[in-house]
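Each remark here refers to the structure printed beneath this line.
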Amino acid sequence: MAIKLYSYWRSSSAYRVRIALNLKDLDYEIIPVSLAPGVSEHQKDEYRSINPQMLVPFLDDGEVAIGQSMAILEYLEETYPRTPLLPADEPMRSRVRAFCNMIACDIQPLNNLRVMQFIKTEFDADASGDWYSHWIHEGFRAAEALAGDGPYVFGDAPTLADAMLVPQVYNARRFNVPLGDFPKLLAATDACNELDAFKKAAPEQQPDAA
């Protein structure tokens, strides 16, 4: 069975997984699931029966069917070890994991679509300005300090850290967040975006791109 990735073009979590699949040169099929307000395919019974959490991404390779991007990335690393995306040795291996979790646990959850929609609906406030920028800056200050000297986040080859960083920078730019205080993160993003694996994973290249 070919790998199936349930994805939404603008989902940063799905973007991460697309990057990893491309870096590992794995064949996969994109199955679009729209998160767009008014469409909300992720909340319909058909998708709920596949993923009860009703989020993307969701990966099914015929052996394992799982959601949650970090769980998917770890699964891909263990199951498809060609082109490893975690360093072999410590402490770098744990630093990459820590960097990933700065984004997956501390930045993205506070700025994802459903949180921003809830703030707007329940508090009649726009979360796309100061709220969004605040949490990007909080997380990126620590990420900038942890990052290595390039060209990628931790050295001469992309790792899971780069797969996490590039979508978050994409989103920050989408919301016009100033990023001048994070030169190492921006340099790593620029280096990544020269690679085909990242170009193919970009939101605008997806079959469901609006």
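The values are calculated or read from the model by the stated rules, or taken from the named source; none is laboratory data. All values derive from a computational prediction rather than experimental measurement. Because the Cβ atoms are built from the backbone with ideal geometry, glycine has one as well, and the counts that use them run over all protein chains shown.
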Review point. What strands (runs of 3 or more DSSP E) lie completely within segment 2-105 and have 1 or more residues being free of Cβ contacts under 8 Å to residues at least 60 places away in the same chain and among the basic types (Lys, Arg)?
Key: 3-7
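Okay, residues lined up against (1) surrounded by fewer than 19 Cβ atoms within 10 Å (Cβ to Cβ); (2) β-branched (Val, Ile, Thr); (3) at pLDDT below 95:
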{"position": "VAL39", "(1), (2), (3)": "yes, yes, yes"}
{"position": "GLN43", "(1), (2), (3)": "yes, no, yes"}
{"position": "MET70", "(1), (2), (3)": "yes, no, no"}
{"position": "ARG95", "(1), (2), (3)": "yes, no, no"}
{"position": "HIS134", "(1), (2), (3)": "yes, no, yes"}
Check your understanding: Any chance segment 10-19 includes a residue that's surrounded by 13 or more Cβ atoms within 10 Å (Cβ to Cβ) and either more than 14 Å from the chain's Cα centre (by Cα) or in the same structural domain as PHE140 (by TED's automatic domain parsing) (or both)?
Key -> no
Exercise for review: Would you please name the residue that is nearest to SER11 (Cα to Cα), looking only at residues in segment 106-128 that are without any contact (Cβ under 8 Å) to a residue 12 or more places away in the chain and more than 17 Å from the chain's Cα centre (by Cα)?
Suggested key: PHE118
Practice item. With the condition kept exactly as written, say whether any residue in segment 53-60 is touching a helix residue (DSSP H, G or I) at 6+ places or on another chain (Cβ under 8 Å), surrounded by fewer than 17 Cβ atoms within 10 Å (Cβ to Cβ) and not acidic (Asp, Glu). Key: no
